[in-house]
1. Identify the residue in region 106-153 that is touching a His at 6+ places or on another chain (Cβ under 6 Å) and in a loop (DSSP other than H, G, I, E, B) and, among all such residues, is surrounded by the fewest Cβ atoms within 10 Å (Cβ to Cβ).
2. If you scan region 157-195, which residues turn out to be over 20 Å from the mean Cα position of the chain (by Cα) and part of a loop (DSSP other than H, G, I, E, B)?
3. Scan region 336-355 for residues that are under 14 Å from PHE129 (Cβ atoms) and open to solvent by 30 Å² or more (accessible area, probe 1.4 Å) and report the count.
4. Would you pick out the residues in region 572-581 that are among the acidic types (Asp, Glu) and open to solvent by less than 60 Å² (accessible area, probe 1.4 Å)?
5. Say we look at region 522-541 and pick out the residues that are free of Cβ contacts under 8 Å to residues at least 40 places away in the same chain and open to solvent by less than 60 Å² (accessible area, probe 1.4 Å); which of these is farthest from the chain's Cα centre (by Cα)?
6. Taking ARG84, is it open to solvent by 50 Å² or more (accessible area, probe 1.4 Å) and either away from the ligand (no atom under 16 Å from the Cβ) or not charged (D, E, K, R) (or both)?
7. Please list, ordered by first then second residue, the pairs with beta carbon atoms under 8 Å, 6 or more apart or interchain, first in region 360-373 and closer than 13 Å to TRP159 by Cβ, second polar (S, T, N, Q).
8. Specify which of the listed residues (GLU446, GLU437, GLU430) is surrounded by 12 or more Cβ atoms within 10 Å (Cβ to Cβ) and among the charged types (D, E, K, R).
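The values are calculated or read from the model by the stated rules, or taken from the named source; none is laboratory data. What you are looking at is a predicted structure, and each value in this text was computed from that prediction instead of being measured. Cβ: placed from backbone, ideal geometry, glycine included. Neighbour counts: every protein chain shown. Please note that ligands, DNA and RNA were not included when accessible areas were found on the heavy atoms of the full protein model with its side chains. Shrake-Rupley method; radii C 1.70, N 1.55, O 1.52, S 1.80 Å.
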Amino acid sequence: MANPARSKSKARHAGDPAKVGGKLKRGAGGELHQVAEGDASVTTTAFGTPVSDDQNSLKAGPRGPTLMEDFHFRDKLFHFDHERIPERVVHARGYGAHGYFENYESLADITRADLLQRPGEKTPLFVRFSTVVGNKGSFDLARDVRGFAVKMYTKEGNWDLVGNNIPVFFIQDALRFPDLVHSIKQEPDRDFPQATAAHDNFWDFISLMPESLHMIMWVMSDRAIPRSFRFMQGFGVHTFRFVNAEGKSTFVKFHWKPKLGLQSVVWNEAVKINGADPDFHRRDLWNAIKSGSFPEWELHVQLFDQAFADDFDFDVLDPTKIIPEEVLPTRAIGRMVLDRMPDNFFMDTEQVAFMTQNVPPGIDFSNDPLLQGRNFSYLDTQLKRLGSTNFSHLPINAPKCPMHHFQQDGHMAMHNPAGRANYQPNSWGEGPREAPERGDVAYPEEIEGQKLRIRPESFADHYSQARQFYISQTEIEQAHIASALVFEISKVETPKIRVRMVSHLMNIDQPLATKVAAKLGLAEMPSPAEAAVPTRQDLPPSPALSILKNGPNSFMGRKVGALVSDGTDARLLQALKGSLERESAMLEIVAPAVGGVIAGDRSRIDANYNLDGGPSVLFDAVVLLTSEQGAQEMARQPVALDFVTDAFAHSKFIGYVAEAMPLFEKANLTAMMDDGFVPVDSADDTALFVEICRKLRFWDRERKLTA
Ligand code: HDE
């Protein structure tokens, strides 16, 4: 065989059927076209020199060494070698989208924040959702808090509301943050486990840090395994201030509520989704937005004055506490719509730099010690990650309102002020000046006292709201919290840490502590942990804290997986599709082969997945629409049996045609068929099935199975 490298022309063009060189481009048919100057299809170096050969480095002779004068090679490799920037210390794995905030009504009486003055006004924004613990390449369905960071490009500067999907935090003082994060991330000697709290270091830290117990109850609940970013709430966590034009201050807590309602997966499902589709959440957001189904959240506020704060059971500056909605109702002030994916992930989602200290005039801070610490930390981290003080020049971080200042130079400066004056005051009549009327003014709160390193007494109650959260859950949700605690603590290898954790649970709920202790196989119950303040038993359940008590009662935005085979009834499948479309829900097809199947009427049904690639964990409900022969053939495949047994075990609604029974028989499910199994034999049945699916899960099954 001739060695192509021996022939000059072959060597230059090896592996390059549609070579673009200089001003000539080869078309689809192999013909050469003249391309215009500046044509975007012509490869150039970073400095604009057109590139003639992007496949072969410059060598001394066909088999000789590479020459140092190959500036194109050097330019290309140099840039590639520097592609990575440091990932975020926490929240490394994230996914973002563009959209807008639409204001409902004028809040001029409460705040002078410009974006909240005029009803109907839209403010562009960017959101980044994230997990906290895992590294950038970890999976989406880790049991973890989700970041919910919103950057609103208001006409008076950026407002970054950098929140989470859980309304409280682990610690009360920012000084503890590095220890918290060190304890939860992979252990330094072994560099595992990743993206999980289920290891000794974390539970050791937590068991020594009772203030974290309220947040722990949230993290052990299904809130930490959301079905989708689209179905989770966001919270500003801290108490902030609104300040109006007269300088009057009102305390405010921020809540984002998803229009599609709340929904989570179950733990066994999360574990399997991580294998089947580690990008489950980002794919979900991508698909929703690309298909025009734009997710929406309403921005709610809880507003209160100093008198309310003084009367409230807990300190409103303590970020480990909530104000229950039943005590102080929320009020919707606008909506957020996400309607555009970034053109490039790195440019926007990776380079976006959120900072809690970005607030426009009219929004101010409280003295929450965690918020105060964050205001310091976020600026610091951006310099480390983005490498220059000029990170604010990047399009995703730059405000969309005019900016005028005398900041200049530094690495990668994109726009220095024009003209002679780069200082003020100056007598050249050039440049901006401060605006005492319009500009940001810190709320003139009276502050007096000694300098102290101290935690206020009012932060001392660590268990009462943890208990309130637990007793606000349904029986199913409480069972999930217990299982999560057992799962996590059973991964702890040091028995005394397990015991310490149970001693904290004793202060929250005795039956919960007993259940967890029994499942951990603890030899005896420990005494309750020493508490600075006894747990209050009088706080009433808050229904707003439960996911299941706040179900959407709609199947909108959810997805059904239909299992088909050769001989499937195409009309029935069509009817199911129609019923789901009317609910604004989606249908995806799982078939023995991804090429699809031939329906009973000889039409072709295209598939989205083959059986291996489309396990039932990817769907909110499933329908078995096979022919009898198809069901018999699938019944011989473990993966098809997993499809039905998983759907069953995860309490999903299962629609089926009579022909699919062999699958249930082989999966040993016939004796256990409950009301969550829905016959779907006619077009009307498909509509009924979708209606039933509005409940999202058939929880009675789990109740019965675990009784
Ligand atoms: Fe963060 N946090 N945080 N955090 N946080 C970061 O900033 C920090 C806290 C939150 O999608 C870092 O750019 C301190 C609470 C989100 O880019 C860092 C303290 C809440 C994101 C940082 C906290 C959050 C971050 C890491 C304790 C919920 C991701 C990289 C005082 C209200 C934003 C970065 C994105 C990111 C510091 C506590 C939310 C290191 C010091 C409480 C959503 O600066």
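1. If we take residues in region 106-153 being touching a His at 6+ places or on another chain (Cβ under 6 Å) and in a loop (DSSP other than H, G, I, E, B), then VAL132 is surrounded by the fewest Cβ atoms within 10 Å (Cβ to Cβ).
2. Across region 157-195, the qualifying residues are ILE171, GLN172, ASP173, GLN186, GLU187, PRO188, ASP189, ARG190, ASP191, PHE192, PRO193.
3. Looking only at that region, the number is 1.
4. none
5. Going through the qualifying residues, I end up with PRO526.
6. Here the answer is no, as ARG84 does not meet what is asked.
7. Final answer for the pair search is PRO360/THR154; PRO360/ASN158; GLY362/THR111; GLY362/ASN244; ILE363/THR111; ASP364/SER249; PHE365/GLN372; PHE365/ASN375.
8. Checking each option against the conditions leaves just GLU430.
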